[in-house]
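**Student:** What follows is a structure written as structure tokens; I'll ask about it next.
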Amino acid sequence: MRFHLKVWRQEGPEAPGRFFDYDVDDIIPEMSLLEMLDKLNEELIKKGTPPITFESDCREGICGTCGMVVNGSAHGPQPKTTTCEIRMRHFQDGEAITIEPFRAAVFPVQKDLIVERAGLDKVIQAGGYTSAYTGTHADANAILVPKDDQEYAMDAAACIGCGACVAACPNSSAMLFVAAKIAHLGTLPQGKPEEASRALSMTEAMQEEGFGACSNHFECQAVCPKGIRVETIARLNRAFLKASLKRLA
Amino acid sequence: MAFLSNPIGKKMLMALTGIVLFLFLVAHLLGNTTVFGGQGWINAYAEHIHSAMFAPPLWAARVVLLACLGLHIALGTLLFLENTKAAPTKGTFVTYKEAGLSSRTMFYTGLLILAYLIYHLLHFTFHSVHASISVSAFPPDAQGRPDLFRSIALSFQRPVIAGTYLLAMAVVCLHTFHGVFSSLQTLGLPGKASLPVLKRAGQVLATLLAAGFALVPVAVLTGWINL
Amino acid sequence: MTLDGKVPSGPIETRWARHRDHLRLISPANKRRYTVIVVGTGLGGGSASATLAQLGYNVLAFCYQDSARRAHSIAAQGGINAAKNYGGDGDSVYRLFYETVKGGDFRSRESNVYRLAELSGNIIDQCVAQGVPFQREYSGELSTRSFGGALVSRTLFCRGQTGQQLLLGCYQAMMRQVSEGSLKVFPKKEMLDLVVVDGEAKGILVRDLTTGEYEAYAADAVVIATGGYASVFNLSTNAVGSNVGAIMRCYKKGALMANPCYTQIHPTCIPFAGWFQSKLILMSESLRNDGRVWVPKKKGDKRPPHEIPESDRDYYLERKYPSYGNLAPRDISSRAAKEACDDGRGVGPSGYAVYLDFRDAIQRHGRKVIEERYGNLFELYEHIMGEDPYAQPMKIYPASHYAMGGLWVDYNLMSNIPGLFVIGEANFSDHGANRLGASALMQGLADGYFVLPYTIGDYLATTQPGKVKPDNQEFKKVKEDDEARVNRLLSIKGSRTVLDFRIELGRLLWENVGMARSEETLTKALEEIPRIREAFWSDLKLTGSEKDLNQQLERAWRLSEALDFAEILTLDARERRESCGAHFRVEHQTPDGEALRNDAEYSYVAAWEYKGEGEKPAMHKEPLTFEVVQPTVRSYK
């Protein structure tokens, strides 16, 4: 297979970026998109050209490191897929493929396809945890958790923190990211006690970090590689309302 | 204040004021339907709601409505500016999957509606635009009531006025197509199963509302309603 | 050098408790005066950072990833063992201890393993308190499942994402400490070197991966939690960034490297698509319960699988191991697959794959049953391979997966360099020659949550806090050395890329130091490795500069360490002239192909000491004594 690539290249955060055109050949359908870039990079290095800088680590869709906009979609056009999971057989032979970094004011480009995502850590620091210390705790079975609640929590906890929701959101909002954490912890008895303060502090931190607000476009849900649903955002809104009323009272 | 400085808080107030405005539109539409009863009905309705008996509550409603409108516009603008700042660009080439034209143009359709609202009020309420066909230009009807029916019929017989009205209703439809459900989502109403149902219901409601409004000029233009 | 494991004596059941009771303590008010560096933010490093910070130490955590939530612990699928007896099938701390010692083929320290088993229950309680959504039954109680090498059902899990959920628990605990100010996380900073002052570990030198700047950080103790070295094989289930750099630098600063030859090869992974592939993805081993493994009988048979008649298929596991068949142990099935492919009978485009066929199981049980059992795995496979495993057999191949060996540590998890602690996969301590499934997560968390936080105090109590500052001469010297080394890499200006060398080294190790090792292959590898290293240092081509985000340079640095490490791995494998666990020497096997252990001569931990560049390292032996479990032959009959 052969492809025509348009790849965003940018030397540094302040440097202007633009698309560069590359032709790649001898691509086998089993290759992943990132392996195709690896191959292209090998060729570039041999020519003495700086290779395309991009991030990835586990390459099996769980660490959340990789993240690019492929043909206009965060993590590519396939649903429930991370960038590293994209296989070349999903493209037409000879197709032009556009690759650019995640775009958001809170995700400044560091180099080529790498963006800075520290904002997501800051949002978790604002309360995305239970305040359980390391030490002796009640037996894990002492507090029963209804299976449905556990499954629901697990659905939300599957978030890999890749930031695709932010990249896809026309407002660069991190609502799905926040909502997933609120839903994960708030559904479990261990996380419930802090739910109100968590909902307030995490959404405030989200705004402080420069993420936008939610306009219910639901683009986040469409690109989420782990299939996290916008219904968790409604849940977050309820938690916020409850917390605000409680604060008022 | 903490509520308002929170991104969800702002959105909730947007949603609440939006719902109030939408409910007003629903009430307005119900009032409009009297036009299909003929001259007697709508003129009676118009006089009725202007009667002294209803004056204080009506004024209260107007104040609330105006406050909601003001808040809706102010917060909408603020959120628009904040969101634009958070997302200066979404790349050169973006394909949308779930976000439709409606959700992506809320701010602009809102502005258009505001512009139309001003024109609409100048026409039918303040009679300063199209003064020759406004209610004050006509003698009272047989019962001595202001002849709103005649004003409506003559106005919509003009294709430009009817056309503008229809376009405005299309914009209202576009705005509420996303707005109705979005408000419910922001207020935290949907659950796992009800979310798609509510979304569809919101879209249907928005379409029905706009279609209801559009029926009047269409009826005039087709001659169903005439003098 | 005598290796003192500082293993307590007395009844094994109370060793840890008694030991802990006599560890020195630091008063709560004084803890904040001590700075501890933790390198790596996986399960070990994450749990240690959060706990040390919570105790009041001033903790600095470093990772090469862009966030503390991404370390490769996140990719662990199966589960975590805990001797909770939730299954009601007679599990106990002793049984977990016994199975782990036996699974490690009697090459681990009894006391360490017992402590691990003892702490396994606390880990689960801790994780549940953090909000880890372990699978539950309809009663609301925790679910368990059985796993390889265990006779009871003691594995807790979060779907196929157990590692992720446990790691997020650590990460969230860390983020809490960050918000409270006791922990600072330094992402995108790679440890280049350990700084040893007056014989004690007092800091590290890092390279900021964004700016390329060198930064020195001083501390009162250094904790290494940088994972294993399976990536030296190039193709492994590890992350593409996983590397042996940090532990190698510690080794070169005097820390001993223990049992580097113990590397685990996992039999059921998705095969590679070509040499450009960066890693191999694991498929749960449970598939072998219903799948039949086969290759064509004829070499180079390129017919599609459904066109190959029964008579032309070689169900080699069933043929060679009639009693165990497709459920033969990991090492045996891995080796058998390699043999078939080396014989030219492998399938797939590369010829390095074997079929795992569900045709018969689907005929026998119906598609629905198979779907219920393996639905998500079949989906994953189809997603990656683009082939429907219901319609045609899966293609699988073994892949390098885990490192049992690592830096040598005593019972307190401290290396032979005072102040240098090593936890998780980076140390050698608990798994012996082979690790059982669902035990890696257990060890990382036991070390980080419940062992290190106690034992590190015992060392810190003997030191003066803040004794060494970053302006110490030693930091300057280390920085100069490493900067020179980085510049040397950049100044080669040869013709071959880092990946080129990485593949060459990986292939060499895979073929000669992989699943089946012999005196001959190991000797060959020992001759070849220096040749590759020499070519690397004379013909490497890098682009870009030092003071920049330069991924090629990062990889070159890591590979330069892997090249040095490969030699100790191979040397250790050659010196261990017995087969045990994952270390299989073809000269030492029973007539039916089982590993033949030699307890009389090799019941020891081989700890290698660095003797300088180009010098042969020296081996020190820590004898292994078994007071509770008597070593027996592992039998699969």
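The values are calculated or read from the model by the stated rules, or taken from the named source; none is laboratory data. The model shown is predicted, which means the values in this text are computed figures rather than measured ones. Neighbour counts are summed over all protein chains in view; Cβ atoms, including those assigned to glycine, are modelled from backbone coordinates with ideal geometry.
**Student:** Go through the residues of region C:102-123 one by one and say whether even a single one is out of contact with any Phe, Trp or Tyr (no Cβ under 7 Å at 6 or more places or on another chain) and within 14 Å of chain A (Cβ to nearest Cβ).
**Tutor:** Yes, region C:102-123 has at least one match.
**Student:** Sticking with this structure for a sec: If you go through region A:18-31 one residue at a time, do you hit one that is in a helix (DSSP H, G or I), in contact (Cβ under 8 Å) with a residue 12 or more places away in the chain and more than 14 Å from chain B (Cβ to nearest Cβ)?
**Tutor:** No: region A:18-31 contains no residue that is in a helix (DSSP H, G or I), in contact (Cβ under 8 Å) with a residue 12 or more places away in the chain and more than 14 Å from chain B (Cβ to nearest Cβ).
**Student:** Let me ask something additional. Determine whether residue C:88 is farther than 30 Å from residue A:162 by Cβ, out of contact with any helix residue (DSSP H, G or I) (no Cβ under 7 Å at 6 or more places or on another chain) and either surrounded by 24 or more Cβ atoms within 10 Å (Cβ to Cβ) or away from chain A (no Cβ under 14 Å) (or both).
**Tutor:** no
**Student:** Scan region C:469-493 for residues that are in a helix (DSSP H, G or I), of a type in the set (A, V, I, L, M, F, W, C) and under 18 Å from residue C:551 (Cβ atoms) and jot them down. Working first, answer last.
**Tutor:** Going through region C:469-493, the residues in a helix (DSSP H, G or I) turn out to be C:473-491.
After this cut, where a residue has to be of a type in the set (A, V, I, L, M, F, W, C) as well, the list is C:475, C:478, C:484, C:486, C:489-490.
Within region C:469-493, C:486, C:489, C:490 qualify.
**Student:** Count, please, the residues in region A:87-123 that happen to be in contact with a Pro (Cβ under 7 Å, 6 or more places away or on another chain), among the aliphatic types (A, V, I, L, M) and part of a loop (DSSP other than H, G, I, E, B).
**Tutor:** Number of matching residues: 2.
**Student:** Which residues, counting only those in region C:521-547, are of a type in the set (Asp, Glu) and in a helix (DSSP H, G or I)?
**Tutor:** Answer for region C:521-547, where residues must be of a type in the set (Asp, Glu) and in a helix (DSSP H, G or I): C:527, C:528, C:534, C:539.
**Student:** Still on this structure: If you take the residues in region A:50-69 that are more than 7 Å from every other protein chain (Cβ to nearest Cβ) and over 14 Å from the mean Cα position of the chain (by Cα), which one is nearest to residue A:159 (Cα to Cα)?
**Tutor:** It comes out as A:54.
**Student:** Show the residue pairs meeting these rules: Cβ distance below 8 Å; 6+ apart or different chains; first residue within region C:1-28 and more than 14 Å from residue C:459 (Cβ to Cβ) and small (Gly, Ala, Ser); second residue at pLDDT 95 or above and part of a loop (DSSP other than H, G, I, E, B).
**Tutor:** Within 8 Å, the pairs are C:5/C:109; C:5/C:410; C:5/C:411.
**Student:** Residue B:204 is checked against (1) more than 30 Å from residue A:148 (Cα to Cα); (2) not in a helix (DSSP H, G or I) and fails just one. What number does that condition carry?
**Tutor:** It fails just one condition, (2).
**Student:** Hey, could you check region B:98-127 for residues that are in contact with a Ser or Thr (Cβ under 8 Å, 6 or more places away or on another chain) and either over 20 Å from residue B:11 (Cβ atoms) or not hydroxyl-bearing (Ser, Thr, Tyr) (or both) and say which is farthest from the other protein chains (Cβ to nearest Cβ)?
**Tutor:** B:127
**Student:** Return the residue satisfying two criteria in turn: it lies in region A:136-151 and is small (Gly, Ala, Ser) and loosely packed, with under 15 Cβ neighbours inside 10 Å, and of such residues it is nearest to the other protein chains (Cβ to nearest Cβ).
**Tutor:** Out of the qualifying residues, it is A:138.
**Student:** From the list A:185, A:241, which residue is within 7 Å of chain B (Cβ to nearest Cβ) and modelled with pLDDT of 95 or more? Talk me through it step by step, then tell me what you get.
**Tutor:** Numbers: A:185 fails: within 7 Å of chain B (Cβ to nearest Cβ).
Result: A:241 is the single residue among A:185, A:241 that is within 7 Å of chain B (Cβ to nearest Cβ) and modelled with pLDDT of 95 or more.
**Student:** Filter region A:191-229 down to residues that are surrounded by 24 or more Cβ atoms within 10 Å (Cβ to Cβ), free of Cβ contacts under 8 Å to residues at least 60 places away in the same chain and more than 7 Å from chain B (Cβ to nearest Cβ), then give me how many there are.
**Tutor:** Result for region A:191-229: 2.
**Student:** Just the residues that are more than 7 Å from chain A (Cβ to nearest Cβ) and either at pLDDT 95 or above or not in a loop (DSSP other than H, G, I, E, B) (or both), please, taken from region C:140-163.
**Tutor:** If we filter region C:140-163 for residues that are more than 7 Å from chain A (Cβ to nearest Cβ), which is where we start, we get C:143-157, C:160, C:162-163.
Once the filter is applied, which keeps residues that are more than 7 Å from chain A (Cβ to nearest Cβ) and either at pLDDT 95 or above or not in a loop (DSSP other than H, G, I, E, B) (or both), region C:140-163 yields C:145, C:146, C:153, C:154, C:155, C:156, C:162, C:163.
**Student:** Continuing with the same structure: Run down C:541, C:493 and say which single residue is within 14 Å of chain A (Cβ to nearest Cβ), on the phi > 0 side of the Ramachandran plot and touching a strand residue (DSSP E or B) at 6+ places or on another chain (Cβ under 9 Å).
**Tutor:** Among C:541, C:493, only C:493 is within 14 Å of chain A (Cβ to nearest Cβ), on the phi > 0 side of the Ramachandran plot and touching a strand residue (DSSP E or B) at 6+ places or on another chain (Cβ under 9 Å).
**Student:** Hey, residue A:84 hits all of (1) more than 7 Å from chain C (Cβ to nearest Cβ); (2) touching a Pro at 6+ places or on another chain (Cβ under 9 Å); (3) not in a loop (DSSP other than H, G, I, E, B) but one; which does it fall short on?
**Tutor:** The one condition residue A:84 does not meet is (2).
**Student:** Provide a single number: the residues in region C:83-113 that are part of a loop (DSSP other than H, G, I, E, B) and either free of Cβ contacts under 8 Å to residues at least 12 places away in the same chain or over 20 Å from the mean Cα position of the chain (by Cα) (or both).
**Tutor:** The number of residues fulfilling the criteria is 10.
**Student:** Assuming residue A:110 fulfils every condition listed in (1) within 7 Å of another protein chain (Cβ to nearest Cβ); (2) more than 30 Å from residue B:95 (Cα to Cα); (3) at pLDDT 95 or above apart from one, which condition is it?
**Tutor:** All conditions are met except number (2).
**Student:** With (1) part of a loop (DSSP other than H, G, I, E, B); (2) on the phi > 0 side of the Ramachandran plot; (3) more than 9 Å from chain A (Cβ to nearest Cβ) as the list, and residue C:203 as the residue in question, which single condition is left unmet?
**Tutor:** Going through the list (1) part of a loop (DSSP other than H, G, I, E, B); (2) on the phi > 0 side of the Ramachandran plot; (3) more than 9 Å from chain A (Cβ to nearest Cβ), residue C:203 breaks only (1).
**Student:** Suppose we keep only residues that are of a type in the set (Ser, Thr, Tyr) and under 17 Å from residue C:231 (Cβ atoms) within region C:398-436. Which one would you say is surrounded by the most Cβ atoms within 10 Å (Cβ to Cβ)?
**Tutor:** C:400
**Student:** Also, I was wondering about something else. Can you go through C:338, C:302 and tell me which one is assigned to a helix (DSSP H, G or I) and either closer than 27 Å to residue A:28 by Cβ or aromatic (Phe, Trp, Tyr) (or both)?
**Tutor:** Result of the check over C:338, C:302: C:338.
**Student:** Here is a follow-up. Specify the residue that is nearest to the other protein chains (Cβ to nearest Cβ); the eligible residues are those in region B:172-201 that are among the aliphatic types (A, V, I, L, M) and surrounded by 20 or more Cβ atoms within 10 Å (Cβ to Cβ).
**Tutor:** Selected residue: B:195.
Rundown of residues vs (1) touching a strand residue (DSSP E or B) at 6+ places or on another chain (Cβ under 9 Å); (2) aromatic (Phe, Trp, Tyr), yes/no style:
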| position | (1), (2) |
| --- | --- |
| A:174 | yes, no |
| A:202 | no, no |
| A:207 | no, no |
| A:210 | no, no |
| A:214 | yes, no |
| A:218 | no, yes |
| A:230 | no, no |
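**Student:** Further question: Restricting to region C:532-576, name every residue that is aliphatic (A, V, I, L, M) and under 29 Å from residue C:515 (Cα atoms).
**Tutor:** C:532, C:535, C:556, C:559, C:562, C:563, C:566, C:568, C:569, C:571, C:573
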